[in-house]
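Contents: one structure, followed by commentary.
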Amino acid sequence: MYIKKTSLTPHVKQLTIFLFLLIVMIATRGTHLLTSIALPDASFIVMLALGFLLNNIRWFIFALLLSVGIDLYMIPTTINEPYNLNLGYIGLTLAYAIAWFIGKYFANTPISNSSVIKYSALYLSATYLISTLSFYYFSGWSVSSQSVLSFLGSHINDFMISNISYLIIFIIGIKVYRSMTRNSAALTIKSI
């Protein structure tokens, strides 16, 4: 029996990648802080992966709209104030855009291992500061009873540990994919 090897069209591949990343976002963001068995939010790394793997802006816009939809759906009904959707959300959107652009940069620029580490550290620090400080200053919540440094310090471990872990998983996934396909033209990061 002969089985014909078929290849997926580029659109089907893109849609498959997008759907996989959306499942990751829903699985991590959808239960974020609301259940006892929640995975840490992977939205920043999902946006980075979208920029890297699907660097068309439409995928970013779709994912951004989905993240807003998840937040609207997941807001606890006991909260009378707009918890997630406030002026601080603008900073989160900006941080997601930075993640997407860094992913696009990684995809289109041959870079070394040390550059990946350097840019990833810069990217995670910038997205943490932008999203956290915008929430601190613009959310309207009573977080201002804490000093800004205390507020930043109280959330940094959770953010960095989970995002560094997800970033490592993403980089390993890219390495495995490249070794399996031996098609380095599709992915241009050198020596990851």
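Here, each number is a calculation from the coordinates, and none is a lab measurement. None of these values were measured; they are calculated from a predicted model. Glycine also receives a Cβ, built like all others from the backbone with ideal geometry; neighbour counts cover every protein chain displayed.
Extending each Cα 7 Å along its Cβ direction at residue 148 and residue 23, get the distance between those two points in nm, one decimal.
4.2 nm
Order these peptides, 54-64, 98-108, 123-133, by their mean beta-carbon neighbour count within 10 angstrom, highest first.
On the way: 54-64: 16.8, 98-108: 20.6, 123-133: 18.7.
Packing proxy ranking, top to bottom: 98-108, 123-133, 54-64.
I need 29, 178 ordered by Cβ neighbour count within 10 Å, fewest first.
Neighbour counts put them in this order, fewest first: 178, 29.
In whole Hz and in residue order, list the ³J(HN,Hα) couplings for segment 156-163 that follow from phi through the Karplus curve 6.51 cos²θ - 1.76 cosθ + 1.60, θ = phi - 60°; x for Gly and Pro.
5, 4, 4, 5, 5, 4, 5, 6
Quote the FRET efficiency, to the nearest 0.05, computed for residue 39 versus residue 62 with a Förster distance R0 of 22 Å and r equal to the Cβ-Cβ distance.
Taking R0 as 22 Å, the efficiency between residue 39 and residue 62 is 0.55.
Take the Cα pairs of segment 10-181, get the Kirkwood Rh, then feed it into Stokes-Einstein at 20 °C and 1.002 mPa s and tell me D in µm²/s.
Here the translational diffusion coefficient equals 127 µm²/s.
Roughly what would the spin-label model give for residue 86 and residue 125, points 7 Å off Cα along C-beta, in nm?
2.8 nm
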